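Laboratory data are not the source of any read-out in this text; all were calculated from the coordinates shown. Remember, it's a predicted structure, so these values are computed and weren't measured experimentally. With ideal geometry, Cβ positions are generated from the backbone for all residues, glycine too; neighbour counts draw on all protein chains shown.
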């Protein structure tokens, strides 16, 4: 149990730092350093690991993507375009709760790291006339941003899973699609059902008239930046995967976001001063430091052999079940990234299945591992989207985190039920 005690100790130290308002990025960095100490990594080696983490391709892509997301979200907010789009769509989305979940779910179709910060200003704008707390806004934005992730075929975690298992994409998502239904259901039941939605009726009527007067073309005009970002990123990702598989998919996301940023600046006549104001914003640098700390934490975990140590500790008994449940959950919770638990744990699952000559149970165990790992990612306090959402709405991280426990538990139970169904 020693490897598990060590990882929980590092995690606890990180949570204490957050609770004591040390700062998100410093708390995560402290957690990574404590993990290095507990697993015997020398200081000079940890410094090298940290430096390498900040120059790797994935980190640079993520920094660029989040930077462009902030340009877009700030441009939409400052120009009033997000408000115009929300007012126009509100005529078609007459129920306030539907309006609350619509924009995070829409942005969720775009497999974009840190994408919750894109939808956060929209959730804030659409709920201005509603008696909704900032904690409610934060959990709704965070949860519904991820409702598609268990079966949307463009998410890197899904792509990596089917590549490792060498199975058709359709075979896997045909088994995990109930996860999308579960995400919507538990999000509605635990996070939206109790939200008071008595937005004044006069405002809704006014929005209805605005939408009718503007019509569909007005909605289309106001949504051009979003359409460019979502359709462009998805389309370019598909094109790159099919015709240029050697080119990272992030280039497609970056190109779409850049085109979207240019679109909003041209559409609203935002000049260079706008870009200058964004670059000097404290919130931008705070978010970038959080991302840097997460990558250092992740690479420290890999260099220290945390996953291998946890696997060895559970190898004598229930190795397969442990590798499909506890390990993906812990790695997902510690790393806060889907690709991390897939890359770290699924080769172990596949190897054990082959060793035990039970390859026919592969889909069942992959589905179980996916749900367990995804639950760990969603419950992780260092999930990039969760941290950025809490940062945006200025809410207490632990108070907000507690709201996620029950819906995450519900999602996990659905995964366990699917596992037993597939086994039978």
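Counting alpha carbon pairs within less than 8 Å and at least 6 residues apart, what relative contact order, in whole percent, applies to the range 273-424?
The normalised contact order for the range 273-424 reaches 24 percent.
Using a 10 Å cut-off around each Cβ, can you sort 149, 391 from fewest to most neighbouring Cβ atoms?
In increasing order of surrounding Cβ atoms, one gets 391, 149.
What order do you get for 257, 13, 43 when you list them from fewest to most C-beta neighbours inside 10 Å?
Ascending number of Cβ neighbours within 10 Å: 43, 13, 257.
If you average the C-alpha positions of the range 209-283 and of the range 398-418 separately, how far apart do those two centres end up, in angstrom?
32 Å
Return one number: the angle in degrees, 0 to 90 and rounded to the nearest 10, between the long axis of the Cα atoms of helix 326-335 and the longest principal axis of the Cα atoms of the chain.
On a 0 to 90 degree scale, this one is about 50.
Please tell me the relative contact order of the chain in percent, rounded to the nearest whole number, where contacts are Cα pairs under 8 Å and at least six residues apart.
Over the chain, the number comes to 23 percent.
Taking 0.36 nm per intervening residue step and subtracting the Cα-Cα distance, what contour gain separates residue 244 from residue 129 on full extension?
Full extension from residue 244 to residue 129 adds 36.7 nm.
Which whole-number percent is the relative contact order of the range 81-153 (Cα, under 8 Å, 6+ apart)?
Here the relative contact order equals 40 percent.
For residue 47 and residue 231 in one chain, what is 0.36 nm times their gap in residues minus the Cα-Cα distance, to one decimal in nm?
Residue separation times 0.36 nm, minus the Cα-Cα distance, leaves 62.2 nm.
Between 0 and 90 degrees, rounded to the nearest ten: what's the tilt of helix 2-19 against the longest Cα principal axis of the chain?
Roughly 30 degrees, rounded to the nearest 10.
Please compute P(r) over all alpha-carbon pairs of the range 2-423, binned at 20 Å starting from zero, and give each bin as a whole-number percent.
Going from the shortest bin to the longest, the percentages are 26, 58, 15, 0.
Test of understanding: ordering 146, 357 by Cβ neighbours within 10 Å, fewest first, what list do you get?
Placing the least packed residue first, the sequence is 357, 146.
Against the longest principal axis of the chain, how steep is helix 282-303, in degrees 0 to 90 to the nearest 10, with axes from Cα atoms?
That works out to roughly 20 degrees.
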